[in-house]
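What follows draws every value from the coordinates through simple rules; no lab data is involved. The model shown is predicted, which means the values in this text are computed figures rather than measured ones. Methodologically, a virtual Cβ is constructed for each residue, glycine included, from the backbone with ideal geometry; neighbour enumeration extends over all protein chains shown.
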C-alpha cells in the first residue's frame, strides 16, 4: 500500500480552495456636482489635490463667443478636492491669457516643473467654416508661476491636429492623439521622448494600441499603465476605456474596463487614483457629456488561507513489507521521471506540476530478478490555488517592501485584479505594490484576486516589523 506521510504537500490532499462566487465586485458611479446642465464637461485630471477638467460652459456674462458648431468654446477649469471628498467651486485655469480660443486636455509633470495643454493653433475665428486645428503647448514653472505657452515644434505642422497630452510618471515621455498621415486609423496615439534638445519627433505607438478606428484621451497612471479611449470593435458601445502595460519592450494587448465604468454610451477621458480603486471619467450616458467618479466597493478577504510554498516532495512507504526467511528481497520504487529507488520507505521529489506514475516491485536481493509487482499509482500534481507573493518573516520599520502578486492554479484566469490590505480600512490596488511599515508590530498582509465571472480568492502572510 502506498502511504503518504509526514511532509506530504497539501496539493496531494487537494488544496482547500477558498473560491467563492460573489454577486459582483460592485463599482459605485457618482455624477459630479461640477457638471453644468447647459454645457459639456470632459477630460478630468487631478494634480496637487486639484481637479482640472474641460468645459464649454459660458464663462463671461457680456461676451458670447462660439465655435464653428455654434457652441461655447471649451476652456480648462479647476476645482479643489476637499477633505470631505467634495469639490470646491470651479474657476478658469488660464495661466497665459493670450490664448483666447478653445482649450483642450491638459497634463502635468509629476514634479510640477511643466505642463502641456491643447489649444487651437489659430488665435481667432475668421469664419465659421474654417478648420481650426489643435496643437500642443508647453508651459514651464519659474518662481512658482507658470510661464508663457510655447508650441511644441512637431505640433506646428499645419496639416494635422495634435491634442490630449499624457505625461509619463518620470516626465520623459509624452503620449498624445493625432490624425496625422501614416497611422492605423482615423486618430492614433503617438509618443515623443524628452531629449536634451526638446521633444523628439512623434512615433506611432503601434498596432497593439491603435486600431482602424479612433484612439484618444491617453492617461498615464503612476504605475506606468497607459489608459486610453477607443471606439474599436468589441467594446460595450461607442467609446470605451482600455488600458495597456509596457512589458518586454512592447505594449500588452489592451484590456477593456468593466461595466458600469464602460457602457453602451461614449465613455472616455479617465483619471485613475494611485491605488486604482477610484477615479474619474467622462460619459454621455445621461444624454450629454458629464464627469463621473467611480469607486470600487469591496468586501475584502472574507475567507483566506496562508500562502503555501510549492512543495512536490513525498515520502512513500510500503506498510505491508514482508520478511523473507528463504529468499532475501528488496523493494524497488520506480517513478515516471526515470528515477529508481530501493527501500521500504523512500523520499522522492517531483520536478513540478504534472501527472506522474509510481510503481512498486519486489526484487530478488541476490540476483536482482524481478519477482512480482506490488502496486502502480498515478499521481496528478497541480499548483496550489492561491495568490502567491513573497514576504520576509521580519522587516525593519520605515523600510519599503516590494510585493508582487501572482495567481496560481488557475491557468484560464484572465484580466486579474489584485487588491491588498495591510492596515484595516486601507485597500491598495495593483499587481505590484511598494509598502513602508511605519510602526513596529506583527502585521497580516492579505491579497485578494478578482477575475472572470465574479471569482475571487484571498491569501495572506504574516510579518514582524522590528
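Computed packing ranks the peptides 308-314, 37-43 as 37-43, 308-314, most packed first, by mean other Cβ atoms within 10 Å.
Roughly how compact is segment 140-235, stated as its Cα Rg over 2.2 N^0.38 Å to two decimals?
On the way: Rg = 14.2 Å, N = 96, 2.2 N^0.38 = 12.5 Å.
Against the empirical 2.2 N^0.38 Å value, I get 1.14 for segment 140-235.
Once you have the Kirkwood Rh of segment 349-410 from its Cα pairs, apply Stokes-Einstein at 37 °C and 0.692 mPa s and quote D in µm²/s. Estimated diffusion coefficient is 200 µm²/s. Modelled spin labels at residue 81 and residue 377, positioned 7 Å past Cα toward Cβ, are 5.7 nm from each other. Residues of segment 397-420 with an amide N closer than 19 Å to a point placed 7 Å from the Cα of residue 444 along the Cα-to-Cβ direction: 419-420.
Placing a label point 7 Å from the Cα of residue 96 along the Cα-to-Cβ direction, the residues of segment 132-154 with a backbone N closer than 18 Å are 133-154. Distance between the 7 Å Cα→Cβ label points at residue 369 and residue 200: 7.8 nm. Geometric descriptor of segment 384-465, per residue, is 82 Å³ (volume of the convex hull of the Cα atoms).
Anisotropy class assigned to segment 26-297 is rounded, per the alpha carbon gyration tensor with a/c under the 1.5 cut-off.
Looking at segment 167-220 from every direction and averaging, what is the projected area of its Cα convex hull in nm²?
On the way: hull surface 14.9 nm².
Averaged projected area of segment 167-220's Cα convex hull equals 3.7 nm².
According to the square roots a ≥ b ≥ c of the eigenvalues of the Cα gyration tensor, what is the shape class of segment 94-197, taking rounded for a/c under 1.5, prolate for a/b larger than b/c otherwise, and oblate for the remainder? Taking the square roots of the gyration eigenvalues as a ≥ b ≥ c, segment 94-197 is oblate.
For semi-axes √(5λ) of the Cα gyration tensor in Å, which listed value, [x] 34, 31, 23; [y] 41, 26, 22; [z] 61, 23, 20, comes from the coordinates shown? Here the calculated entry is [z].
Which distance in Å, rounded to a whole number, links the C-alpha centroids of segment 220-238 and segment 340-415? A separation of 41 Å, based on Cα centres. Approximating the spin labels as points 7 Å out from Cα along Cα→Cβ, the residue 50-to-residue 302 distance works out to 4.4 nm. Taking each residue as 0.36 nm, the span from residue 246 to residue 38 lengthens on full extension beyond its C-alpha to C-alpha distance by 70.9 nm.
Computed across segment 311-381, the Kirkwood hydrodynamic radius from all distinct Cα-Cα pairs reaches 12.9 Å. Just the Cα atoms of segment 163-308, one point each, no solvent: what log10 I(q)/I(0) does Debye give at q = 0.09, 0.17 Å⁻¹? Each listed q corresponds, in turn, to -0.31, -0.97.
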